[in-house]
Each structure stands twice: as C-alpha cells, then as structure tokens.
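Down below is the structure, laid out as structure tokens.
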Amino acid sequence: MKPAAFNDGWTYRDRVPVGAAGTWLSCWLAERYQHSAGEVWRQRIHSGELDCNGQRLTADRRLAGGEAVLWRRPPWLEEAIPDQWETIHDDGDLLVINKPSGLPVMPGGGFLLHTLTALLEPTGARPVHRLGRFTSGLQVCARDPMTRAALSKQFRPEGSCRKVYQAWAQRVPGLEQGQTLTVTNDVVERQHPLLGWVWGPEPLKQEPIRKRLTARSELELLERTAEGDRLQVTITTGRPHQIRIHLAQLGSPLLGDPLYLLNREISATATPGDGGYRLHAWQLSGLPHLGETTLQVDPSVEGDQALRNSINREK
C-alpha cells in the first residue's frame, strides 16, 4: 500500500466565456465547479489563490468575459492506495495489468499523484482507457503514443474491442442460467447536489437531463446465491459507469453500490468514486495488437470477502 500523503498542490487554468460578462467571478466558479460554493471561492480569492489575466486577486470582481483564470490549489492529502499489481502482458510497448480495486487510474476525484498514471510514469507507459477506481481487472496501457492512439480507437463503440466483466448484483428478475439479457437503455446525465451533474439511469420521475449516450450491455447469469447474482456482462460501448447504471436501470444495482440505488435513484451524498461494490474486468479480446489472443484474469478470493464485509456493514 502507498500510504496517505500530501501532494504539492496543482494549478488549474480556465477561460471565462464572453457570455459570463457581468457575473461575479466567485459565482461563475461556483456554477462551473459545483463541488465548492460561492463563499468558498470568495475565501480562496481573498487568500490569494486565484489570478485573473496574470494578476493575483485579493477580492472578488465582476467579469468582462474572455479572462484567463488560474487557481493555485494548495497541497492536499491523498488517500492511501494499493500500489502493487500483476502484469498480464508486456511486450515492451503494450502493457496489460490486473488493476487492484481501490487504485484510481487517472487524476480526478481528489487524486493527483496517487494514481496508476503517476505510478507508471517511470516505465513510460500510460493508460489507454480508464477502469473505475473500485473496478479491478484488465487495464490496458501502452508506452508508444501512436499505440495508445490506435488502441483508444478500438475501445470506442465502433471499435473491435470486446470487454467482458464479472459483476455482483442484486437478483436480476427473469434472468436464468443459459439466457442472455440485452440492455440498450441510454445512460443520461442527471443533476447531483455535490457534483452538479452525474451519469445515471433514466429516472422514473421527470427531472432535468443534460445529455444522453447510447449504450449496450449483454448479461448472462453465472451464479445465483442468497446474496444476489454473479453476472457476466459484455460491453462494446464503454460509457461512463455503464454496467453500474444498466443494472440500476433494471432494478438490480451492484451489491454495495453507494451511488446507484433501487428505483433508479441516485444518492445525494455519494459520488461515482465511492466504493463498496464489486466489478471485475475479466476478459479482453479484439485488439489488433494481440491478434486472436483473449486475455483473462479471474477475480480474487479477497474481493469476495471484501464485498461480503461491505454488505454486512449495510445491514
């Protein structure tokens, strides 16, 4: 494990649109970055953390539109993360690892240096796609930028990549052994009090939707227990949190999922980066760089116990 530690802070840059002319800077920032209220942004301005057009600010100001805004975020504490993994394939360029649950792939959600991207930096490899922080399994990386670009195309909906996951969910009604259930509902962007907007299932009640993306998942039942179903889920579209959202759409969220709830509801206090569920990237095929090879890494026994502990904490 890599212990919790402070980073060196980070500088964020943005450009104010012309349409924001006349708006207070703190109000514009609060609207754009809804993780912080206007009063918090005003405190940051008064502390000298923000520049506008190269000038350090000490007081809030009205915008003219077009300004270059810079925020020097002070160092913050990053959580402890697992920093060891199994290498599944490495040919000197293409690198495929078995990512442990709990390791963020890229910066975001409070993580900057405690990420797979940062840990891989000495090797020259960088992630091609992004598994969720608490999703374990096959994570594809590459060292050559041209290889990363070519592989990235294969992970898009029109690409050849076939991704198969194992998911532990509440019982899926009507799904029996030997059957395949295809889910084609869109994933939609819904309002969220902490994040502003978050991807989720179609709501049962009418509410604002900012954007929608087509998605396709194929479900097969691998095992049914008193706790729920272990599913094989095959996807080609790879939308944000697609498997979690499609299972919530069916009324069978992942066991222990703190964000996507029954009745297609979304928790007002959780975020996509919160854990408690179990999802494993199990098989990967269709990548030209691997030929006819199908990569597979089975889920760990430790993950089963962690899920049981999570479920027991909820009871």
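FYI, it's all coordinate maths here, none of it is from the lab. Computed from a predicted structure; not experimentally measured. Don't worry about glycine lacking a Cβ; one is built from the backbone with ideal geometry, like all the others, and counts go over all protein chains shown.
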Response to the item:
Using eta = 1.002 mPa s and T = 20 °C, Stokes-Einstein with Kirkwood Rh from Cα pairs puts D for the chain, in µm² s⁻¹, at 100 µm²/s
Item to complete: Show me 267-279, 198-210 ranked by packing, highest mean number of other Cβ atoms within 10 Å first.
Response: 267-279, 198-210
Discussion item. Per q in 0.22 Å⁻¹, report the Debye log10 I(q)/I(0) for the range 155-202, using one uniform scatterer on each alpha carbon and no solvent.
Written reply: -1.09
Worksheet item: Kirkwood hydrodynamic radius for the range 120-195: how many Å is it when counted over pairs of different Cα atoms?
Response: 16.1 Å
Discussion item. For a quick check, take a GNM of the chain with Cα springs below 10 Å and name the residue from VAL183, VAL172, VAL16 with the largest mean-square fluctuation.
Written reply: VAL16
Worksheet item: What is the Å³ per residue value for the convex hull set by the Cα atoms of the range 41-173?
Response: 228 Å³
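At R0 = 41 Å, how high is the FRET efficiency between ASP8 and GLN179 if r is their beta carbon distance? Nearest 0.05 is fine.
Working: r = 53 Å, r/R0 = 1.29.
So the FRET efficiency works out to roughly 0.20.
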Fill in: Spread of Cα-to-Cα distances over 5 Å intervals beginning at zero, given as percent, for the range 5-77
4, 17, 27, 28, 15, 5, 3, 1, 0
Discussion item. Give the lysines whose C-alpha is closer than 20 Å to that of LYS2, dropping any in the same chain fewer than 8 places away, or say none.
Written reply: LYS99
Worksheet, complete the sentence: Straight-line reach check, LYS153, cutoff 19 Å on alpha carbons, 8 or more apart in-chain or any other chain, hits among lysines -> LYS163
